[in-house]
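The values are calculated or read from the model by the stated rules, or taken from the named source; none is laboratory data. Because the structure is predicted, anything quoted here is derived from the model rather than measured. Please note: Cβ atoms are built from the backbone with ideal geometry, for glycine as well, and neighbour counts cover all protein chains shown. In case anyone asks, the SASA skips ligands and DNA or RNA and just uses the protein heavy atoms, side chains included. Shrake-Rupley method; radii C 1.70, N 1.55, O 1.52, S 1.80 Å.
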Amino acid sequence: MEHHQRKVLLVGLACLDIITVCDHYPVEDEDFRADDHYWQCGGNACNSATVLQQLGVECNLLACLPEKDPQSDYVLQHLATIGIDYSWCTTHPDHQLPISTVLINKQNGTRTIIHYSRLLELTLDTFQSRVQFDQLDWIHFEGRRKNIQTIGQMMDHVRHYHQRTIKISVELEKKDQNLLQLIPKADVIFIGKDFAQANGYDNPIDCLRAYHPLAHSSAIMICPWGDYGADGIEPSGNIVHADSIQLHTVIDTLAAGDTFNAATIYALRKGKSLAESISYGCQLAGAKCKQRGLIFQHIPTND
């Protein structure tokens, strides 16, 4: 079934990425010149919203932001320019925006991220009181290990009161087994490669087969795996695969996973099959790796 009238809400992090591009990955105590340095908006939820909005999907972002902070003003300007509605976000005085310091290696496009945050996490009361659920048909949750119990309560609220009208997806990326408790609460589960490997799986198929019994009977589960592509498991237990896009040159892999998630949600929301949806996720993630940042000059669709 295709969804057109309502919006997608992304719940999670908005932060500032401070990016330094190097011609190699530094060794400890090395002193050398960088090739480039720039700011861009970051955070899994913010990144996926940025991609979805460019695909023509109206998005809302629910995140915690500081009040009267220069870095926060930079992020809000980005959201406004892209057209993402951030009116449901909650603000906190005397706090700073979370910062990710990112090193990008020009040799292979890899990114190394050092994250800093002392900002408060979202609360269930904020979620229930600020979100206008009648405007939505999909909510995607970033599985944040600092806030697992509250995220689960948010998902329970949606499932109890809005199960017929709102799909729930969740991303398990951080290396914390406690995130597994979120699986039964979602219709679509994204299992990150880092999460899978941290829990002893060296391939996506074994990971999906192990975690699929935790999901409810109609849920689908997806595991992207970098150069390999992505696998998904249907409610029946059938495994589907999509190859990654072969790239001769990799410019920037930062937020490729968030791009994959956004593209897959876009396709599923339009009624595409699981196989078609993860294939499009791989296609758009590959296109992102060939460019700097998430602003596409031309964004391919799977229409």
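Full extension of the chain between Asp31 and Leu214 yields a length gain of 61.0 nm, computed as 0.36 nm times the residue separation minus the alpha carbon distance.
Per residue, how much accessible area does the chain show when a 1.4 Å probe rolls over the protein heavy atoms, in square angstrom? List each step's numbers first, then the result.
Working: 14120 Å² over 303 residues.
I get 47 Å² per residue for the chain.
Apolar share of the accessible surface for the chain: 46 percent from carbon plus sulfur atoms, 1.4 Å probe. Per-residue 3J(HN,Hα) values for the range 139-144, derived from phi via the Karplus relation 6.51 cos²θ - 1.76 cosθ + 1.60 with θ = phi - 60°, read 10, 10, 10, 7, x, 9 Hz in sequence order (x marks Gly and Pro). Which label belongs to the value computed from this structure, given these candidates for Rg and Dmax of the Cα atoms in Å: [x] 21.9, 73; [y] 22.9, 71; [z] 18.4, 57? For Rg and Dmax of the Cα atoms in Å, the calculated option is [z].
Counting Lys and Arg as +1 and Asp and Glu as -1 over every other residue whose Cβ lies under 15 Å from the Cβ of Tyr74, the net charge comes to -3. If you sort Tyr201, Tyr228, Tyr161, Tyr266 by accessible surface, 1.4 Å probe, largest first, the order is Tyr161, Tyr228, Tyr201, Tyr266.
Computed from backbone phi, the HN-Hα couplings of the range 170-178 come to 9, 10, 9, 10, 5, 7, 9, 4, 4 Hz, rounded to whole numbers (Karplus: 6.51 cos²θ - 1.76 cosθ + 1.60, θ = phi - 60°; Gly and Pro given as x).
With contacts taken as Cα pairs under 8 Å and at least 6 residues apart, the chain reaches a relative contact order of 17 percent.
Could you sort out which of Lys106/Lys193; Lys175/Lys270; Lys175/Lys272; Lys7/Lys272 sit more than 25 Å apart by Cα distance in this structure? Distance filter (> 25 Å) returns Lys175/Lys270; Lys175/Lys272. When the chain is described by a simple charge dipole with +1 on each Lys and Arg Cβ and -1 on each Asp and Glu Cβ, the residue from Pro70, Phe190, Pro213 located farthest towards its positive end is Pro213.
Among Asp23, Asp176, what's the order by accessible area (1.4 angstrom probe), most exposed first? Let's see the in-between values first.
Values: Asp23 75, Asp176 35 Å².
So, going from the largest accessible area down, we get Asp23, Asp176.
Sorted largest first by accessible area at a 1.4 angstrom probe radius, with every protein chain in place, the residues Tyr74, Tyr280, Tyr38 fall in the order Tyr74, Tyr38, Tyr280.
Net length available on complete extension from Ile205 to Ile251 is 13.7 nm, with 0.36 nm assigned per residue and the Cα-Cα distance removed.
Projected label points at Arg292 and Asn238, each 7 Å from Cα along the beta carbon direction, are separated by 4.5 nanometres.
For Thr253, the shell of other residues with beta-carbons less than 15 Å away shows a net charge of 0, using +1 for Lys and Arg and -1 for Asp and Glu. Quick one: net charge of Arg145's neighbours, Cβ under 13 Å, K/R +1, D/E -1? Neighbourhood net charge equals -2.
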